[in-house]
Every structure is written in C-alpha cells, then in structure tokens.
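The values are calculated or read from the model by the stated rules, or taken from the named source; none is laboratory data. This structure is a prediction, so every number in the text was calculated from the model and none was measured. Counting neighbours? That spans all protein chains shown, and the Cβs are built from the backbone with ideal geometry, glycine included. Quick note on the areas: whole protein, heavy atoms, side chains included, nothing else; ligands and nucleic acids left out. Shrake-Rupley method; radii C 1.70, N 1.55, O 1.52, S 1.80 Å.
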Amino acid sequence: MHDWTDIPARRLFSVYGIPVRIDATFLFAALPVLLTVVFRHFVRPIDYITAAGLMLGGVFVSILMHELGHALAARVFRVGCEEIRVGGFYGFAVLSGRPAQRWQSVTILLAGPIANLLLFCFFWLLLGWPQDSGQLAIPAAARELPILDAPGVRVSIRWLASLNLALAVFNLLPAFPLDGGRIFRIAAGRFLDDRTSVRLVATLGILIGAWSCFGVAQYPALLFIGPLLVMANYAIRTGEIPAPVD
C-alpha cells in the first residue's frame, strides 16, 4: 500500500498543537484553479491575479478546516492527532491513540463535511445570501474598503462558497477514501461481514468516480479526482491495497 506520508512535505505551522504540513502534490491544485480563473472575464490583470491567489489560498484553508474538523472531533473522544497533511486534491488527519467506537468514528468522519458546510455558510453570508449574490453583504464600515468590492474578490468568494458545498456533499458519497465511504462501511458492517462491505463500497466508488467525470466542465478538478477514485476503489475491490482504516 502506498504511504501518503512518504510524499515530501513541509511543516507550515501548528493548530491547537497539531502540526500542519503541506505536501508536494498541492502544486497540482493550481491547475484547476487557474483554469477556473481563465474562463472568467476580468477587465484588469490584477483581478486575475487576485482571484487566482484567493482561490488557491481558499483551497488550502478549505482542506485544512475539513481535516481540523476531524482532528478536533477526535479529541472530544480522547483520540489524538499526530498531524494534518494538506495535498493537492486531498487531506488527511493522522489519528492516534485508542480506537474509537463505531458511533464515535461516524461522528469524527462527519465533522469534516460539517466544517465545509460552515465555511459555505460563511462565504454565502458574504455574498448576501443568494438574493443579492453580486454584492458583499458585510458591515457598512468594512464595505468601504475598496479591495472588498474588487471583481476578483467577489468571484473568489462565490467560487469558494461553491467549492465548500461541493466538498461537503462529495465527501459524503459512498466511495473510498471519502468520509462517506468509511461511514457506509461502518453502517453496512452491522448487516454484512467486513469483506463484503468493503467490496460494496469499492464498487460504488468505481461507479461514482466514472460518473463524476461528467462534471469536469463545472469543476475542472474532477478531471483528476474522478480517475483517481476509479483507480483507488478498483485496487481496494481487487485486494491490491487495503481499505482505509476508520
């Protein structure tokens, strides 16, 4: 099995004592972000630069908050977290200590998508809740800052809102190594043996990965994520690699 911790990574900072590292694959996140920006019709070059910078930074924060949700939920159940790793199209929190009970594992897994939903609500609030999504619905004093009214900023906030909603929904799909796949495995384990549960989730993961490729036009990152889901779930289904541990 490939060990993601073997990928070169640099420690950036710590959050609540948890080291946060960014690995080399994060560079691949730049491509779908830049493709998204290219299709926008900005008048000034500075708006392209602003949008690209905010979107790329927003991708990092969105993945980090997802994994931090897992880590903090784990701490509630006295499960430790050794580090958080942020990559190009993924992230993971390395949990340690005593194994969690089934319902605790489900809670920990749900905490990641919930964190993305909270980020979506925050960004959607800035957009004014969609009745007035072209404006930044922030306090009047802050709205006087010119940078907050820049087209690149408005576009970035709208894109990051959509991204976090997509992350929350996508991560709940029944496929490995997504949170939804692990939750589905736990739930199916009440009625099926673990081997059958794993094969069922992996089969669904192959279908979901193939289906997600049709969304490339709206979400360019799916050009990479879809095939990766197919390959990962096929390898798990055939036993080439083990299913991820909850």
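Below are the figures for this structure:
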item	result
Only one of PHE191, PHE176 that is crowded, with 22+ Cβ neighbours inside 10 Å, at pLDDT 90 or above and part of a loop (DSSP other than H, G, I, E, B)	PHE176
Segment 15-45, residues that are of a type in the set (D, E, K, R) and either surrounded by 13 or more Cβ atoms within 10 Å (Cβ to Cβ) or at pLDDT below 75 (or both)	ARG21, ASP23, ARG40
Any hit, segment 150-158, residues being open to solvent by less than 20 Å² (accessible area, probe 1.4 Å), in a helix (DSSP H, G or I) and modelled with pLDDT of 90 or more	no
Some residue of segment 98-107 being modelled with pLDDT of 95 or more, assigned to a helix (DSSP H, G or I) and within 16 Å of the chain's Cα centre (by Cα)	no
Leading residue by the ranking (most open to solvent (accessible area, probe 1.4 Å)) among those in segment 50-89 that are assigned to a loop (DSSP other than H, G, I, E, B) and not small (Gly, Ala, Ser)	ARG78
The lone exception for GLY128 - which of (1) open to solvent by 60 Å² or more (accessible area, probe 1.4 Å); (2) modelled with pLDDT under 90 it fails	(1)
Unique residue being closer than 19 Å to LEU165 by Cβ and touching a residue at least 60 places away in the same chain (Cβ under 8 Å) when the list is VAL59, VAL94	VAL59
